[in-house]
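Have a look at the structure below, then the notes.
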Amino acid sequence: MRRGSILQLVVIGVIAGAIAGAVAYFVPWLPKPATLEAERIDWVFWFVTVICIVIFALVISVIVYSVIKFRVAPDDDTDGPPIHGHTGLEIVWTAVPAILVTAIGVFSAIVLARNDALGVNPLRIDVYAQQFAWSFKYPESNGLSATELRLPVHRSIQLRIHSKDVIHSFWVPQFGQKQDAVPGQVTTLHITPTRVGRFPIKCTELCGLGHAFMRATAIVMPAAEYDAWAAKQGQAQSTGGADAGKAIFASNGCAACHTLKAAGATGKVGPDLDRLPAFAKGPGKPLDAFIRESIVKPDAYIEKGYPPNVMPKTFGSSLSSKQLDALVRYLVASTRGGSA
Ligand code: CUA
């Protein structure tokens, strides 16, 4: 082959590779990783992508070169030259892909093994999935329960994922992995957060009508802040003291949907809790019994003007009976004094 032809092939290949490389690099195909594990997975993606770009450039250069160089003349009806294979070329195009696929397999296996390996002093958190809400329990913090997943940054964390009904799947895009929640089994997911921030938790397994709304938030905090939060909330929720109800109200995300002056909550999705005494007159129940039922079985009575099936039905099982008592006491005390 002449030197000029090789130069043309190289030029076409470099242009094709540059275009493919730009599409891979400049388009944000994946969210910015927020865990060590997601960063490793990104490296696997880049390893495979670079291999693909090189092969793509090679193939495109030969195709484009051949289309131009060997284009048939308009009046040429003759057959092409007979070709009987090329042993050297066939060995190359068998051996090279075999080596590449093996390399991808080995690289992936190393990343998988390292991602699954717990670090020193791992923090274990129980994740509960239920139609259609997430809840979290911190066994190391007096069984503290919450509907937001708070995590300390740079700590090895094992999520133990449970399902209370059907199959769900836990996914934080920035954490880079998905793990199914399967009834009757405990699945695990290991993460090591690398940056502070708020990240969406999505259910990524079709689990019923409310699947699309089965969302929660993961909040990665500086380690000291996390420790302070866990100690304070865990203590408050387990003692059942005066602040217990307020702490449970705060840590279970009630304020996201409800207004309650005593807690500084201004949510507008669900009923205004300052008006609970008035709402209790609807089904004609004592205030404390009405509040308890509304927490455990939120659809038993729906106040006019509010949609059913919005409030999670998980609180009856995610809160301990002590925590539930404290929350009911807190809501009764906070609203009885207030105006109906
Ligand atoms: Cu739970 Cu989809």
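Within the option set Val50, Val67, Val120, being touching a Ser or Thr at 6+ places or on another chain (Cβ under 8 Å), surrounded by fewer than 18 Cβ atoms within 10 Å (Cβ to Cβ), free of Cβ contacts under 8 Å to residues at least 60 places away in the same chain and among the aliphatic types (A, V, I, L, M) holds for one residue only, Val120. When the residues of region 137-161 are filtered to those that are free of Cβ contacts under 8 Å to residues at least 60 places away in the same chain and crowded, with 20+ Cβ neighbours inside 10 Å, the one that is nearest to the ligand (Cβ to nearest atom) is Ile161. Quick check on Thr102: is it of a type in the set (Val, Ile, Thr), farther than 30 Å from Ala22 by Cβ and without any contact (Cβ under 8 Å) to a residue 24 or more places away in the chain? No. For Ala223, the conditions (1) in contact with a His (Cβ under 9 Å, 6 or more places away or on another chain); (2) not assigned by TED's automatic domain parsing to the domain that holds Tyr138 all hold with the exception of (2).
Note on region 162-173: residues that are surrounded by fewer than 22 Cβ atoms within 10 Å (Cβ to Cβ) and of a type outside the set (Lys, Arg) amount to 7. Here Val92 fulfils each of the conditions (1) surrounded by fewer than 20 Cβ atoms within 10 Å (Cβ to Cβ); (2) modelled with pLDDT of 95 or more apart from (2). Taken over region 124-136, residues that are in contact with a helix residue (DSSP H, G or I) (Cβ under 7 Å, 6 or more places away or on another chain) and modelled with pLDDT under 90 amount to 2.
Kindly evaluate Phe199 against the criterion of being within 22 Å of His154 (Cα to Cα) and of a type in the set (Phe, Trp, Tyr). Explain how you work it out, then say what you get.
Numbers: within 22 Å of His154 (Cα to Cα): yes; of a type in the set (Phe, Trp, Tyr): yes.
Here the answer is yes, as Phe199 does meet what is asked.
Candidates are the residues of region 1-41 that are closer than 30 Å to Ser108 by Cβ and of a type in the set (Val, Ile, Thr); the one that is surrounded by the fewest Cβ atoms within 10 Å (Cβ to Cβ) is Val27. The set of residues in region 245-263 being touching a residue at least 60 places away in the same chain (Cβ under 8 Å) and under 23 Å from Ala218 (Cβ atoms) consists of Ile248, Phe249, Ser251, Asn252, Gly253, Ala263.
The values are calculated or read from the model by the stated rules, or taken from the named source; none is laboratory data. Because the structure is a prediction, the values reported are computed rather than measured. Counting neighbours? That spans all protein chains shown, and the Cβs are built from the backbone with ideal geometry, glycine included.
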